[in-house]
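> Have a look at this one before I ask anything.
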Amino acid sequence: MRTPVRFNRREVLGMLTTVGLTTSCTRLPSQQRWPHQMGDRVQVGWFSYTVLELEYKSQLGDSPVAPRPKNTYIAIHLQATSSAGNTVSVPFMRLETESGDFIPEVEDASALPGWFGLFRSVEPAATESGWIVFDAAPANYGLRLSDGVLDDEKTAMVRIPLRIDAGLK
């Protein structure tokens, strides 16, 4: 006959507290933090975004004096559709790292054909597309999409996976 295992109330509370703290202090897995996938249509405020493709680049453009990155250029082909009743500006995006840090867009990628641009706007019920560029090491990231409204900003995260097949061009 087995003897029932008995726990001291303090031991049980200590174990539960430890498990609770460990669970609450860990970061959410990237699938939960970055729920949308490339190719998904993601509604954020009056914008509908679709991340179309990803490329890694060693420089922007073909010129011998084309800008070179500190790490690697991560170029993301993005499509934005507006449901606003007037012309709206597409805000700048940011990449989120696995550790929760943010990487801003490169401010001038004008040497890249098809760059979305510095001043990018979408007419009512229209769709615009272009490349946005980040200077970052190839890795898994989340792309933070925004509606650009400063006082009541709506955002969504799209998982940008490390892609071996995207190659360095």
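> Which of the numbered conditions does Leu78 fail, given that it passes all the others? Conditions: (1) over 22 Å from Leu162 (Cα atoms); (2) part of a strand (DSSP E or B); (3) among the aliphatic types (A, V, I, L, M).
Here Leu78 clears every test but (1).
> Now, a different point. Any residue in region 125-140 that's in a strand (DSSP E or B): show its pairings with residues that are of a type in the set (Asp, Glu) and at pLDDT 95 or above at Cβ separation under 7 Å, as long as the two are six or more apart or on different chains.
If the second residue must be of a type in the set (Asp, Glu) and at pLDDT 95 or above, the pairs left are Ile132/Glu105; Val133/Glu105; Phe134/Glu105.
> Among the residues of region 142-160, is any more than 25 Å from Gly45 (Cβ to Cβ), open to solvent by 30 Å² or more (accessible area, probe 1.4 Å) and not aliphatic (A, V, I, L, M)?
The answer is no, given that none of the residues of region 142-160 is more than 25 Å from Gly45 (Cβ to Cβ), open to solvent by 30 Å² or more (accessible area, probe 1.4 Å) and not aliphatic (A, V, I, L, M).
> For region 81-101, which residues satisfy the criterion of being part of a strand (DSSP E or B), open to solvent by 70 Å² or more (accessible area, probe 1.4 Å) and within 15 Å of Arg120 (Cβ to Cβ)?
The answer is Ser89, and nothing else.
> Return only the number of the condition from (1) in a strand (DSSP E or B); (2) in contact (Cβ under 8 Å) with a residue 40 or more places away in the chain; (3) under 17 Å from Val158 (Cβ atoms) that Pro104 does not satisfy.
(2)
> When the residues of region 51-70 are narrowed to those that are part of a loop (DSSP other than H, G, I, E, B) and within 16 Å of Phe116 (Cα to Cα), which ends up modelled with the highest pLDDT?
Leu60
> Within region 105-138, how many residues are closer than 20 Å to Asp40 by Cα and of a type in the set (A, V, I, L, M, F, W, C)?
7
> Now a separate question. Could you tell me which numbered condition Ala125 fails, if it satisfies all but one of (1) in contact with a strand residue (DSSP E or B) (Cβ under 9 Å, 6 or more places away or on another chain); (2) modelled with pLDDT of 90 or more; (3) at negative phi?
That leaves (3) as the condition not met.
The values are calculated or read from the model by the stated rules, or taken from the named source; none is laboratory data. It should be emphasised that the depicted structure is a prediction, and the values quoted were computed from it without experimental measurement. Quick reminder, even Gly has a Cβ in these numbers, built from the backbone with ideal geometry, and neighbours come from all protein chains shown. Surface accessibility is based on the protein's heavy atoms, side chains included, excluding ligands, DNA and RNA. Shrake-Rupley method; radii C 1.70, N 1.55, O 1.52, S 1.80 Å.
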